[in-house]
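The values are calculated or read from the model by the stated rules, or taken from the named source; none is laboratory data. Everything numeric in this text was worked out from a predicted model, so none of it was measured. In this analysis, Cβ positions are derived from the backbone assuming ideal geometry, glycine residues included, and neighbour counts consider all displayed protein chains. Ligands, DNA and RNA are excluded from the accessible area calculation, which covers all protein heavy atoms including side chains. Shrake-Rupley method; radii C 1.70, N 1.55, O 1.52, S 1.80 Å.
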Amino acid sequence: MTRWPLPEHMAAALAQARLAADAGEVPVGAVVVRDGVIIAAAHNAPRGLNDPTAHAEMLAIRAAALALGQERLETCELWVTLEPCAMCAGAIAHARIGKLYYAASDPKGGAVEHGARVFEQDQCLHRPEVYPGIGEAEAAELLQGFFKARR
């Protein structure tokens with residue numbers, strides 16, 4: 001399989017995912033970008049924070065909203081290493097994220113192209129532009145290695 005150079009923002013999200021793995025968390029990382037600049041970065045931390053909502057996307061969105069002093073992030077992009085779950089997809093819609101880039105698909109827990117398909121629901125008030133599969137091999141490799149080591 002030929003691997004193309006990763007966009008810098010996905011590389012940054014993957015670096016966050018590695019931090020999660022190092023902390024014993026499921027290796028998912030996310031960054032929020034505005035005007036080409038990373039304004040927030042986070043990784044999964046539900047175990048470390050004792051918070052089931054502490055997914056990488058949720059933490060990055062919260063940090064970006066705080067940094068910008070607003071709850072609407074229309075001019076922002078979210079780069080994440082795994083297809084967002086229903087909770088995170090809902091937060092993406094509520095934050096009005098303009099563009100979503102994600103690496104690996106998640107047939108079990110994803111809710112963008114799998115499962116609930118949150119952005120396709122009539123009740124979804126905002127639908128970001130979605131770009132899947134960027135850095136998919138790297139993200140999938142990291143996730144598979146993490147779970148293989150725990151079996």
> When N counts the residues of the stretch 1-135, how does its alpha-carbon radius of gyration compare numerically with 2.2 N^0.38 Å, as a ratio?
Replying inline: 0.96
>> Explain nothing, just the number: dipole magnitude of the stretch 97-151 about its Cα centre with +1 on each Lys and Arg Cβ and -1 on each Asp and Glu Cβ, in debye rounded to the nearest 20.
In response: 300
> Once phi is turned into θ = phi - 60°, what whole-Hz ³J(HN,Hα) does the Karplus curve with 6.51, -1.76 and 1.60 give for every residue of the stretch 70-81, x standing for Gly and Pro?
Replying inline: 7, 8, 9, 10, 4, 8, 10, 10, 10, 10, 9, 7
>> Using the crude model of +1 on Lys and Arg Cβ and -1 on Asp and Glu Cβ, and no other charge, please compute the dipole size for the stretch 1-143 relative to its Cα centre, in debye to 20.
In response: 180
>> Compute the helix-to-body angle for 136-149: its Cα long axis versus the longest principal axis of the chain, expressed 0 to 90° and rounded to tens.
In response: 50
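Starting from 0.36 nm per residue, how many nanometres of slack lie between Phe147 and Arg18 once their C-alpha separation is accounted for? Can you show the working numbers first?
Numbers: separation 129, 0.36 × 129 = 46.44 nm, distance 1.32 nm.
Stretched fully, the Phe147-Arg18 segment lengthens by 45.1 nm.
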> Counting only heavy atoms of protein chains, what accessible area per residue, in Å², does the chain have with a probe of 1.4 Å?
Replying inline: 52
> Once the piece of chain linking Asp51 and Glu74 is laid out straight, how much longer is it, given 0.36 nm per residue of separation minus the C-alpha distance between them?
Replying inline: 5.6 nm
>> Based only on Cα atoms, what mean projected area does the convex hull of the stretch 65-135 have, in nm²?
In response: 4.5
>> Please report the carbon-and-sulfur percent of the accessible area for the chain; probe 1.4 Å, protein heavy atoms only, DNA, RNA and ligands left out.
In response: 54
